[in-house]
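Below is one structure; the comments refer to it alone.
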Amino acid sequence: MGLLDRFKSKDKNRRAVLIGLDGAPYTLVRRFIEDGTMPRLAELVKRGTLLQMDTTIPDISSVAWTSFMTGANPGRHGIYGFLDLQPNSYKIYFPNSRHIQCTTLWEEAGRRGRRSIVINVPSTYPAQPMNGILVSGFVAIDLNKATYPPEFVPKLRELDYRIDVDARKVQESHDALMEDILKTLERRVETLLYLYDNEQWDLFIGVITSTDRLQHFFWDAIEDENHKYHSAFLDYYALVDDFLGRIGERLGDETLFIMSDHGFTGIEKQVYLNRWLADNGYLKLKENARSIEDIAEGSRAFALDPGRIYLNLKGRYPSGTVERAYRRALLDEIKQGLSEISANGTAIVKRVYERDEIFSGPRTDAAPDLCVQPIYGYDLKGAVNKQELMDRDLLTGMHTQDDATLFISAPRDDLRPDKPHITDVAPTILASMGLTAPEGMDGRSMFARE
Amino acid sequence: MAKGFTIWFTGMSGAGKTTLARLIEAELKNREHRVEVLDGDIIRTNLSKGLGFSKEDRDTNIRRIGFVCNLLTRNEVVAIAAAISPYREVRDEVRQMIGSFVEVYVKCPIEVLAERDVKGLYKRAFAGEIEHFTGIDDPYEEPLSPEAVVETDTETPEQSAAQILAKLEEMNLIAPALPDAYSDEDDEEIRRRLEALGYV
Ligand SMILES: Nc1ncnc2c1ncn2[C@@H]1O[C@H](COP(=O)(O)OP(=O)(O)OP(=O)(O)O)[C@@H](O)[C@H]1O
Ligand SMILES: [Mg+2]
């Protein structure tokens, strides 16, 4: 009997738990396991397999978590960033849960009669009806719209639940931000454990996002033992470790998953692709441009955060100038130019992907023409108001695509040998619950060994 | 996941089927649906080329349009048919086949249509230059229980379209308008939060 059959028969009613740690890098988690910062996770990891995982391109949370929840690539689910342009327009909109074109993991579980608790997954705002309880994560604003069913809002208020860290606190001081990060974690953990213990569920998904905020603003503290926040950084991860331990204590025969949506590394420089496009004659902006909405006539290409480049094609955009026939040549020219951007004698672009290399599905028409992947240390940005190609600001940490984390409480031998991709997580969770993945998931279950 | 369904406009020539089909098409595309319009005038130049206006030919035309709508609907596309489709029986036949079917009766008194005479057809029909003209020497059978009725002699095209969209939302076939899912203040707040993390 194949492993899949075994899951089907024996594990029909098995439950699964997924704890998300936004942006927790595999290499850092490994290091904290080894150096004793995360002893309880170290114990858990002995009971399963800890793997390095690839995430989406672009490697930002809105795209990555949507690929997590749908098991699909952006060409299918339609989310390419935190912001996008409306069809045939330069007008920005902020994609929300209603823009997701695919079935989510919990919708699928719900269809099969399984109840889910889904807390703080980014890009699930506004909360959509489902079988269970869902509280949306970033960029949720209003707790009422972030919570399904609405009857659960009073309990959240009673628990003093926090939707998110307010990153603007850093303008005040780093202390204020750190305090908010710790407070948010504390309230989140309490709420998660309350739900874990007091609700009926088959699938429990709880995401910690303050890891990401911590790392954006305090990454420099981790390498430098004399840094003011060095021990605060370690202490924060110790709190996360304690939470993971408390989940571990509660585990029966549930399959436990721990994952992050991308990795992290330090920033040398932020790189403004729109500056590069403008300097090289591809982009024209109106005076005092604030966003790409202020693009001027005669532009041939523009960029959106983080490394998405769009050709200003005739027919695709209101003042598109580029003929389809010229698309190929222009792509090649821009790719060549990008490969020549360097800092301290090193090329900062690792690879430029073309749309069809990484996206497929009905929403591919909304995809960027190119996705630029930088080397570690060079964070690509979509800002349009920069005079220099590169600079630094308050952010000290940036995302990485190849160093996300995946832990599965199953022996290595039960899993496929190849490196997991974030789209594999949903089918893997479903398989662990004895459910087959619905059509339209690009990923494959890690249990599906050939 | 977006659902497929068919919106079937029926009504006399000049009542507003094409106008409304195009308005609804644009709005649904904005809301990220895949949409295809099957307009009677266009269908008669290709899929139904050569067919005339006898009852038999009209029914064949409607069956063909219905057939394509069915294919589209089951592939998660919103199919919008805009053809006079004067006969009730064949309309009900395609409704049966497609299942997820929203019949919209585009209603307008013939005096107003003759007055509008968008294509100059009424003038010619009254002069006896066109035979089998629906509403003049050919019957139009009103739908008995359409999902929506729009009265285009008293409503603006935008009002009629809004009424149809509200019906689609009520039937849970489409989600409420997307770009407006956030208020302007929400949009500003989201923008500020994204700016704080360097995303805008
Ligand atoms: N509420 C309304 N809805 C739609 N059209 C309207 C409305 N009010 C006025 N009109 C006008 O009525 C005319 C409808 O013409 P249209 O070509 O859409 O008709 P049709 O039903 O497609 O005709 P045909 O069957 O000959 O193709 C247009 O000029 C439109 O501007
Ligand atoms: Mg027409």
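The values are calculated or read from the model by the stated rules, or taken from the named source; none is laboratory data. Computed from a prediction, not measured in an experiment: that's the story for all the values here. Note: ideal-geometry Cβ built from the backbone for every residue, glycine included; neighbour counts use all protein chains shown.
Considering (1) in the same structural domain as A:G48 (by TED's automatic domain parsing); (2) surrounded by 17 or more Cβ atoms within 10 Å (Cβ to Cβ); (3) touching a Gly at 6+ places or on another chain (Cβ under 9 Å), say which one A:R308 fails and leave the rest.
Result: A:R308 fails condition (1) only.
So A:D365 ticks every box in (1) surrounded by fewer than 20 Cβ atoms within 10 Å (Cβ to Cβ); (2) within 14 Å of chain B (Cβ to nearest Cβ); (3) in a strand (DSSP E or B) but one. Which box is left unticked?
Exception for A:D365: condition (3).
Which of the helices (runs of 4 or more DSSP H) contained wholly in the stretch A:109-214 include at least 1 residues that are within 14 Å of chain B (Cβ to nearest Cβ), more than 22 Å from the chain's Cα centre (by Cα) and exposed (fewer than 15 other Cβ atoms within 10 Å of the Cβ)?
Where helices (runs of 4 or more DSSP H) fall fully within the stretch A:109-214 and carry at least 1 residues being within 14 Å of chain B (Cβ to nearest Cβ), more than 22 Å from the chain's Cα centre (by Cα) and exposed (fewer than 15 other Cβ atoms within 10 Å of the Cβ), they are A:143-146, A:169-172, A:174-198.
Residues of the stretch B:38-85 being within 15 Å of ligand 1 (Cβ to nearest atom) and surrounded by fewer than 14 Cβ atoms within 10 Å (Cβ to Cβ), which ones?
The answer is B:D41, B:T45.
Return yes when B:S145 is among the polar types (S, T, N, Q), in contact with a helix residue (DSSP H, G or I) (Cβ under 7 Å, 6 or more places away or on another chain) and within 30 Å of B:R74 (Cα to Cα) and no when it is not.
Considered against the rule, which asks whether it is among the polar types (S, T, N, Q), in contact with a helix residue (DSSP H, G or I) (Cβ under 7 Å, 6 or more places away or on another chain) and within 30 Å of B:R74 (Cα to Cα), B:S145 comes out as no.
The conditions are (1) within 14 Å of chain A (Cβ to nearest Cβ); (2) touching a residue at least 40 places away in the same chain (Cβ under 8 Å); (3) of a type outside the set (A, V, I, L, M, F, W, C), and B:S160 fails exactly one of them. Which is it?
(1)
Considering every residue within the stretch B:3-10, establish whether at least one is among the charged types (D, E, K, R), more than 30 Å from B:T154 (Cα to Cα) and either within 14 Å of ligand 1 (Cβ to nearest atom) or more than 12 Å from the chain's Cα centre (by Cα) (or both).
As a first pass, look at the stretch B:3-10 and keep what is among the charged types (D, E, K, R): B:3.
If we keep only those that are more than 30 Å from B:T154 (Cα to Cα) too, we end up with B:3.
Cutting the leftovers down to either within 14 Å of ligand 1 (Cβ to nearest atom) or more than 12 Å from the chain's Cα centre (by Cα) (or both) gives us B:3.
There is at least one residue in the stretch B:3-10 that is among the charged types (D, E, K, R), more than 30 Å from B:T154 (Cα to Cα) and either within 14 Å of ligand 1 (Cβ to nearest atom) or more than 12 Å from the chain's Cα centre (by Cα) (or both).
Determine whether B:E32 is more than 13 Å from ligand 2 (Cβ to nearest atom), in contact with a helix residue (DSSP H, G or I) (Cβ under 8 Å, 6 or more places away or on another chain) and modelled with pLDDT of 95 or more.
No.
Which residue is farthest from ligand 1 (Cβ to nearest atom), if the candidates are limited to the stretch B:16-37 and must be within 11 Å of another protein chain (Cβ to nearest Cβ) and assigned to a loop (DSSP other than H, G, I, E, B)?
Selected residue: B:E32.
Filter the stretch B:138-168 for residues that are in a helix (DSSP H, G or I), loosely packed, with under 14 Cβ neighbours inside 10 Å and more than 9 Å from ligand 1 (Cβ to nearest atom) and give the result.
B:A166
Mind listing whichever residues of the stretch A:346-362 are in contact with a Lys or Arg (Cβ under 7 Å, 6 or more places away or on another chain) and assigned to a strand (DSSP E or B)?
A:V352
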